[in-house]
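J.: One structure, as structure tokens, below. Some questions next.
The values are calculated or read from the model by the stated rules, or taken from the named source; none is laboratory data. Owing to the predicted nature of the structure, the values given are computational and were not obtained by experimental measurement. Note that each Cβ is placed from the backbone with ideal geometry, even for glycine, and that neighbours are counted across all protein chains shown.
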Amino acid sequence: MGADAARSSEFLRAVLDARVAGSNAEMAAAMLPAGIAQLEESGGVAAVLDDCALLAGLDYPIVAALRVERLRLLLREWGLPDLADDERAQTLQQPNSEMQAALDVLLDEGDSWQLGSSLKACNAKCLFRQGEGGRLDIKVTGDVPRRLESIASTLLHPELFPTWMPGCNKASLIAKVSRFRLLIYMRFDTVWPVAARDVVAIGYGDVFGGDSVMVYLRSLDDESEYAGERREWEAKSRKAGCVRMSLSGGFLFKVGNDGTTQVKSMTRMDIKMPLIPDAVIDFVMKKVAVQILPFMNKQAGKFEQGGKLHHYIAEHRDVYDEMHRRLRVIMETRPS
């Protein structure tokens, strides 16, 4: 545990020691002050935000966001300013607002979904429903016969995306912001004379809900975000004549009871082709998106013992040791 963590609060230590799995709203509220007097005695709002900033920096963005949200609710109950204009609180809550649209799709089990396509492999299904703005909400669900850590490994190494991710022809790691927060570049080639589409995106993950892992990805549509890190890649993109697309989406991995992992994924994208109706793009997505689970399954197997990518685990020991630690907590604390 580093010096920052050693100076942290009891809640932060409890999360790091796996005594509290703070990845849902109830647990994220643990050990918050019980009233105004206790809040002041413990260092005030700033001390809570300091802890949340440490959690976010240690790759617990969902925990930090949920804790800030619960703090704001308490402040409103106590008649105090609720940090609505506090820049640091807004930054810490950003993962919640970013992920919400994806979670609304991934977690919804209502009867509005229709089957777009399916595969026997991984029991994969592509489901769709009418979304906002005339576009369809599209998600893929299935059961992948791999351990969660093997499946998560497929998303930790962007340079390997072209070997398994449908449509991705080039991908690179631009910067490793932290262990589980990556700045990446992806290019999707098209048929001449249509220019290739590319995207610079930020991806990050965290334990979610006590028994799952959420991985979220969004394009950096604001040119000021990570401007220095992406400058070289932006220049390469312009030189190659690529058209910048935008996307957002996520993967939700849940440990199954039979050695499988339940996988749900969704992606929203704007490929910047105004002459092609959205209905055509959605029709194609309904048919091809389902392929991602068999491809992910095959790639995940390469990270397992004896697989040709198993050496990545030793080469990235800091990342995998922490991932294994968090997944052990899931296995030990998830509902039976």
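J.: So the check is Cβ under 9 Å with 6+ separation or different chains; which pairs have a first residue in the range 238-262 that's touching a residue at least 60 places away in the same chain (Cβ under 8 Å) and outside the structural domain of Val191 (by TED's automatic domain parsing) and a second one that's in a loop (DSSP other than H, G, I, E, B) and among the aromatic types (Phe, Trp, Tyr)?
T.: Final answer for the pair search is none.
J.: Show the residue pairs meeting these rules: Cβ distance below 8 Å; 6+ apart or different chains; first residue within the range 66-85 and buried (at least 17 other Cβ atoms within 10 Å of the Cβ); second residue among the polar types (S, T, N, Q) and not in a helix (DSSP H, G or I).
T.: Leu66/Ser23; Leu66/Asn24
J.: Still on this structure: Determine whether the range 301-309 contains at least one residue that is in a loop (DSSP other than H, G, I, E, B), out of contact with any helix residue (DSSP H, G or I) (no Cβ under 7 Å at 6 or more places or on another chain) and over 18 Å from Met165 (Cβ atoms).
T.: Yes, the range 301-309 has at least one match.
J.: Another question, then. Just checking, does the range 93-113 include any residue being more than 30 Å from Lys286 (Cβ to Cβ) and either part of a helix (DSSP H, G or I) or modelled with pLDDT of 95 or more (or both)? I'd like the intermediate steps shown before the answer.
T.: Step one: filter the range 93-113 for residues more than 30 Å from Lys286 (Cβ to Cβ), giving 93-94.
Next cut, either part of a helix (DSSP H, G or I) or modelled with pLDDT of 95 or more (or both) only: 93-94.
Among the residues of the range 93-113, at least one is more than 30 Å from Lys286 (Cβ to Cβ) and either part of a helix (DSSP H, G or I) or modelled with pLDDT of 95 or more (or both), which makes the answer yes.
A quick yes/no check of all residues on (1) within 17 Å of the chain's Cα centre (by Cα); (2) among the acidic types (Asp, Glu); (3) more than 23 Å from Glu98 (Cα to Cα); (4) in a strand (DSSP E or B):
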position	(1), (2), (3), (4)
Ser224	no, no, no, no
Glu229	no, yes, no, no
Lys236	no, no, yes, no
Asp258	no, yes, yes, no
Ile276	no, no, yes, no
Val280	no, no, yes, no
Lys286	no, no, yes, no
Met296	yes, no, yes, no
Arg326	yes, no, no, no
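J.: Which residues, taken from the range 202-226, are touching a helix residue (DSSP H, G or I) at 6+ places or on another chain (Cβ under 9 Å) and farther than 17 Å from Val263 by Cβ?
T.: Scanning the range 202-226 gives Tyr204, Gly210, Arg218, Leu220, Glu223.
J.: Would you list the strands (runs of 3 or more DSSP E) that sit entirely within the range 131-188 and hold 2 or more residues that are in the same structural domain as Pro294 (by TED's automatic domain parsing) and surrounded by fewer than 18 Cβ atoms within 10 Å (Cβ to Cβ)?
T.: 170-178
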